Amino acid sequence: MYKIDTVCVLGDGSWGTTLAILLAKKGLKVKLWSAFSDYAKILKATHENKKFLPGVIIPDEVKITSDIRAAIDDSAAIIIAIPSQFLRNVISKLKGKCIDAKILISVVKGIENETFERPSELIKDEIGDLDIAVLSGPTIACEIASGLPASCVVASARKEAAKRAQELFMSDRFRVYTSTDMIGVELGGALKNIIAIAAGISDGLKLGTNAKAALFTRGLVEMKRLGAALGAEQETFNGLSGIGDLVTTCISLYSRNRRVGEEISRGKKLSEIIENMDMVAEGIETTRSVYGLSKKVGIDMPITEQVYQVLFLEKNPHTAVSDLMLRDRKRE
């Protein structure tokens, strides 16, 4: 198997920075790319990502740059950690460039609004059919950056690519499993953010533990239902990138998507919430994408539909809860 010893991470958010730190601690040569030259200078000077990962030191071994050409040059692996709504714009900058990487690994959790494409599909559209793997699971960045143990799954249509990615990330504090179900792994990472917004609304309205458990359970049903329609393996949603990530994102106090739901339940406008957030809550735009996709493929996703109406049509959250509870009687 080809040994990976040089890596670049595209994206200086909390997750991209965390992965850069994790790999540097394994002794790899790591370059971290920032889209903004001014912020790259701050990262270099302070060795701390105060905006996205405060309190965590970035090792000297992580080389920071805002030059994307310099970032990808000589990198045996490219890790893509760009918010989904900005992904195409960034990846298009790689088009026509000679990419030395043996593997591209997407850690993006979302679905593009206009095309309904998953991140790996979008990447292939822009730069061709290189070895691509996707990594997902219950991975709260600040916990991993602090050295707390976590597990995730990496998937690729090519088994050797999944194994290379597994070897790259695996450590005594970060356990990685492999899969060939890229569709299921990517959908799990995207769809759970919608349910997390609903969970935040539930918490904000103080609806109790029973309601939140119902959201977990019926939310997972929606995830599996759409996954089946798009060719995912149902078992994937019972794993780390499905129920594992779902539960974590719905209960963690660090969850940005859950926080969005709480703020909505308190009467704040979505525009106001977004304006006051430094980090991207992927579930907002994913809700828009998945709502449109569910209508396109004819899949019933009642929780997603209500979250969409609350976020984008300013529906009263109490009314949304009542509409969910009073739907036609069904068999489980």
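FYI, it's all coordinate maths here, none of it is from the lab. The structure displayed is predicted, hence computed values, not measured ones. Glycine gets a Cβ as well: all are built from the backbone with ideal geometry, and neighbour counts include every protein chain shown.
Using only the alpha-carbon atoms, how far is helix 209-230 inclined from the longest principal axis of the chain? Give it as 0 to 90 degrees, nearest 10. With both axes taken from Cα atoms, the answer is about 70 degrees. Straightening the chain between residue 115 and residue 148 buys 8.2 nm, computed as 0.36 nm per residue apart minus the Cα-Cα spacing. Pairs with C-alpha atoms separated by more than 23 Å, drawn from the list 44/109; 206/268; 50/95; 109/296, are 44/109; 50/95.
Per-residue Cβ neighbour counts within 10 Å put 303, 68 in the sequence 68, 303, beginning with the fewest. A viscosity of 0.890 mPa s and a temperature of 25 °C, combined with the Kirkwood radius over Cα pairs in Stokes-Einstein, give a translational diffusion coefficient for the chain of 122 µm²/s.
Here the relative contact order of the stretch 34-158, from alpha carbon pairs under 8 Å that lie six or more residues apart, stands at 19 percent. Listed from fewest to most Cβ neighbours within 10 Å, the set 262, 332, 126 follows the order 332, 126, 262. Rounded to the nearest angstrom and listed largest first, the equivalent-ellipsoid semi-axes of the stretch 135-191 from its Cα gyration tensor are 20, 15, 6. Our helix-only sum for the chain, with -39,500 (n - 2.57) per DSSP H run of n ≥ 4 divided by its residues, gives a mean residue ellipticity at 222 nm of -15000 deg cm²/dmol.
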